[in-house]
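The values are calculated or read from the model by the stated rules, or taken from the named source; none is laboratory data. Here the structure is a predicted model, which is why all the values come from computation and not from measurement. Neighbour counts are summed over all protein chains in view; Cβ atoms, including those assigned to glycine, are modelled from backbone coordinates with ideal geometry.
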Amino acid sequence: MIFSLKYPLDIRACWDTNKNCSPIKMRIQTPHDPEYATCHYTHAWLRIMSDDFDLEEVTSLVKAEPTKTQKKGDLQSAARQRHYKKTGWWISSEGVVSSKDSRDHIDFILSKLGDSDDGFSVLHSRGYLIDLCIRWDSLSGHGGPTLSPIQMSRLAALDIEVWFDVYFHGDDFACEGEPLPPKPSNGEQDVTPNA
């Protein structure tokens, strides 16, 4: 099932601390646009990684079901006989959100987290890597993803670092006749960015 947004999700409804679930009003600086003219492709993922941990416990603490997990020592590639070096837990918008507006992908992930502040505090106290990545492919070599202030506020409240996996395509950046690359089958990584 493809998750398509006609209007942005109002995930702000349950973010207030008094739990009365009334929406928090915000001014939108950049108009929402699921067609986002400068974007060829985008998706986002929340990643929780460490040397090894109980995947079910993380699911319970985060209060959300992962879209992908991996366990340290499990077979990563049968052809190469490689095994995962770390345990990981992800929620990804890939294949679920069809919008080219990165805010829709972030909203999708944040909407899954609900009241998980205490759980994230526990995970941070254990030293787990917790971050949100936005994969963003430029259609013509310019532009970039947008985050709303309310999204940044929520991510900051959960102490989640954000990083961008950006690719540039189009006439100025591709060899003549070179087609745009296919949408990735998997954007998740099992290493820290810039490592």
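So which residues in the stretch 79-89 are surrounded by fewer than 22 Cβ atoms within 10 Å (Cβ to Cβ) and in contact (Cβ under 8 Å) with a residue 12 or more places away in the chain, if there are any at all? Outline the logic, then answer.
Just the residues of the stretch 79-89 that are surrounded by fewer than 22 Cβ atoms within 10 Å (Cβ to Cβ), to begin with: 79-86.
Answer for the stretch 79-89, where residues must be surrounded by fewer than 22 Cβ atoms within 10 Å (Cβ to Cβ) and in contact (Cβ under 8 Å) with a residue 12 or more places away in the chain: Tyr84, Lys85, Lys86.
With the requirement that a residue be surrounded by fewer than 19 Cβ atoms within 10 Å (Cβ to Cβ), in contact (Cβ under 8 Å) with a residue 40 or more places away in the chain and assigned to a helix (DSSP H, G or I), what does the stretch 123-150 give you?
Within the stretch 123-150, just Pro149 meets the criteria.
Could you check, for the stretch 151-168, whether at least one of its residues is of a type in the set (S, T, N, Q), part of a loop (DSSP other than H, G, I, E, B), surrounded by 12 or more Cβ atoms within 10 Å (Cβ to Cβ) and at pLDDT 90 or above?
No; the residues of the stretch 151-168 include none that is of a type in the set (S, T, N, Q), part of a loop (DSSP other than H, G, I, E, B), surrounded by 12 or more Cβ atoms within 10 Å (Cβ to Cβ) and at pLDDT 90 or above.
Acidic (Asp, Glu), out of contact with any Ser or Thr (no Cβ under 6 Å at 6 or more places or on another chain) and at pLDDT below 90: does that describe Asp10?
When the stated conditions are applied, Asp10 passes them.
What number of residues within the stretch 78-130 satisfy the criterion of being more than 30 Å from Glu35 (Cβ to Cβ) and of a type in the set (S, T, N, Q)?
5
Tell me, which residue of the stretch 29-51 that is of a type in the set (Asp, Glu) and exposed (fewer than 12 other Cβ atoms within 10 Å of the Cβ) is nearest to Ser148 (Cα to Cα)?
Glu35
Could you go through the stretch 92-107 and let me know if any residue there is more than 14 Å from the chain's Cα centre (by Cα), at pLDDT 95 or above and among the acidic types (Asp, Glu).
no
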